1. Which of the residues belonging to the range 191-217 are of a type in the set (Gly, Ala, Ser), outside any helix (DSSP H, G or I) and in contact (Cβ under 8 Å) with a residue 40 or more places away in the chain?
2. Looking at Ala187 and the list (1) under 14 Å from His146 (Cβ atoms); (2) out of contact with any helix residue (DSSP H, G or I) (no Cβ under 7 Å at 6 or more places or on another chain), which single condition is not satisfied?
3. Please identify the pairs in which a residue from the range 14-28 that is closer than 18 Å to Val58 by Cα has its Cβ atom under 6 Å from the Cβ atom of a residue that is part of a helix (DSSP H, G or I) and aromatic (Phe, Trp, Tyr), counting only partners at least 6 apart or on another chain.
4. Filter the range 49-73 down to residues that are surrounded by fewer than 11 Cβ atoms within 10 Å (Cβ to Cβ) and among the charged types (D, E, K, R) and give me whichever is modelled with the lowest pLDDT.
5. Can you give me the number of residues within the range 177-190 that are surrounded by fewer than 17 Cβ atoms within 10 Å (Cβ to Cβ) and either in contact (Cβ under 8 Å) with a residue 60 or more places away in the chain or of a type in the set (A, V, I, L, M, F, W, C) (or both)?
6. Please enumerate the residues belonging to the range 145-164 that are of a type in the set (A, V, I, L, M) and surrounded by 18 or more Cβ atoms within 10 Å (Cβ to Cβ).
Amino acid sequence: MTRPTPAGRDCARAWEAMPWVIQATASHDQQAWLETHLATCDDCRMAFEQQRQLARAVRLPHDVPLDPEQGLQRLFARLDVDDPQKAEPAPRQASNGWLLRSLAAAVVLQAVGLGALGLKLWSSPDAPTAPASYRTLSNDAPAAAHGAIHVVPDKTLDMQAWNAVLQAQHLRVVDGPNGVGAYTVVAADASVTPKQAAERLRGTRGIRFAEPVAGAP
């Protein structure tokens with residue numbers, strides 16, 4: 001390892017002192033020592049002159065007002081970006097809120113539409129009836145309920161009207177519909193006979209067939 005010569009150490013010291021002297025922040029002794037060294041070292045004198053010229057080039061005149069805000073605005077304009085001090089996240093939040101509300105409204109409208117479609121299909125005359133319970137000849141027929149009546153409503157009678165008939169005549173469904181669309185109903189009032197209930201049903205609009213079950217207890 002080669003030890004630095006005294007001249008080399010003086011040059012390194014001079015390079016460290018140059019910025020302080022150029023900025024006028026060096027001590028009197030430091031400035032005096034640098035001037036003495038520059039008088040005997042051509043390389044350091046040339047480097048010092050270059051640094052001093054560079055400092056003069058980038059130094060603004062004293063009468064030029066400095067406006068940091070205006071400088072930032074020009075910089076942002078050149079970079080083609082918005083001023084971060086004026087950027088507000090509120091529009092983004094509002095946009096997200098509007099998007100969430102729109103999605104929620106779409107879901108609600110879809111649910112309402114599906115519900116209306118289901119109700120329309122249920123009340124339609126062409127709506128499919130419940131699957132019939134098929135029995136083979138080897139199976140025993142289920143025993144009829146006490147006071148049971150077979151009722152066949154017209155196809156034009158929707159579910160709401162059929163429920164209204166049952167409520168008005170105090171009847172409840174115990175079976176059906178079967179393959180031909182017949183229901184088995186019984187009177188909720190024990191004092192009403194199956195014959196009386198069947199006669200009332202036959203006189204009701206929308207009822208095609210109403211007869212007591214043969215052999216019903």
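1. Residues satisfying the conditions are Gly206, Ala210, Gly215, Ala216.
2. (2)
3. Met18/Phe48
4. Asp63
5. 3
6. If the condition is that a residue be of a type in the set (A, V, I, L, M) and surrounded by 18 or more Cβ atoms within 10 Å (Cβ to Cβ), then Ala148, Ile149, Val151, Val152, Leu157 are the ones that fit.
The values are calculated or read from the model by the stated rules, or taken from the named source; none is laboratory data. Fair warning: this is a prediction, and the values are worked out from it, not measured in the lab. Note: ideal-geometry Cβ built from the backbone for every residue, glycine included; neighbour counts use all protein chains shown.
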